[in-house]
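One structure below.
The values are calculated or read from the model by the stated rules, or taken from the named source; none is laboratory data. Nothing here was measured: the structure is a model prediction, and the numbers come from that model. Neighbour counts run over all protein chains shown; Cβ positions are idealised from the backbone, glycine included. Only protein heavy atoms, including side chains, enter the accessible area calculation; ligands, DNA and RNA are left aside. Shrake-Rupley method; radii C 1.70, N 1.55, O 1.52, S 1.80 Å.
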Amino acid sequence: MKKYILAMLCVFAVLQCNAGSGDDRITIAAGFQFPSTLDAQIGYEHDLSYGNSIEVIAEAGNHWQTPVCHMFWKGYYWDGGVNYKHRLKRFKNGQLRVRGGVTAGAEQTDFFFGAEVGFEYDYVFANGWRFCVIQKNNFNFLHGDTFRNGLLIGLKVPL
């Protein structure tokens, strides 16, 4: 686990060295995924040509069981991955993108890898900050929580 976190920090450090051109952002989002999962993610996004972008993400979440009283923190997970975002439609102050990528992480003590697909809508404010709504579908392998889908709401802060 320590090696994985160290590798993610190294990736963020390398990407941060290339930042500063005005087309890089830090994404912070949180939301709910079905079934019974709270999710939070942080990411580094770099714009490519024609409104497309690539994002490196790290996320943590909690898949709780019922009854909630005694088992809320028993189903935690963390993961990281890379997403490619392709712009589908551009609006006056926003854009709609389809996103897809790969993830890897751990749920409690079980390692998993998976794929992520979904949509993302960004609304751009005058100061460059963005409000984002992310619809995610996660397909995970090698553990019991194989499918999660849900909605996250967040902000993108320009660097």
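State the percentage of accessible surface on region 22-62 attributable to carbon and sulfur atoms; use a 1.4 Å probe and exclude ligands, DNA and RNA.
Working: 1180 of 1540 Å².
C and S atoms contribute 77 percent here.
Over region 78-159, give the accessible area per residue in Å² for a 1.4 Å probe, as an integer. If you can, show how the numbers build up before the last one.
Working: 4140 Å² over 82 residues.
Accessible surface, normalised per residue, equals 50 Å².
For residue 155 and residue 110, calculate 0.36 nm times their separation in residues minus their Cα-Cα distance, and state this gained length in nm to one decimal. Write out the running numbers ahead of the final one.
Details: separation 45, 0.36 × 45 = 16.20 nm, distance 3.07 nm.
In short, 13.1 nm is gained.
Which distance in nm do the two modelled labels at residue 129 and residue 87 give, with both placed 7 Å along the Cα-to-Cβ direction?
So the label points at residue 129 and residue 87 sit 2.3 nm apart.
When the solvent-accessible surface of protein heavy atoms is calculated with a 1.4 angstrom probe, in what order do 110, 122, 23 fall, highest first? Spell out each step's value before the answer.
Values: 110 75, 122 0, 23 45 Å².
Ranking 110, 122, 23 by accessible area, largest first, yields 110, 23, 122.
With r as the distance between the Cβ atoms of residue 60 and residue 96 and R0 = 30 Å, compute the FRET efficiency 1/(1 + (r/R0)^6) and round to 0.05.
Details: r = 27 Å, r/R0 = 0.89.
With a Förster radius of 30 Å, E is 0.65.
So if each residue of separation counts as 0.36 nm, and I subtract the Cα-Cα distance between residue 141 and residue 48, what length gain in nm does that give?
Numbers: separation 93, 0.36 × 93 = 33.48 nm, distance 3.00 nm.
Extra length from residue 141 to residue 48 when fully extended: 30.5 nm.
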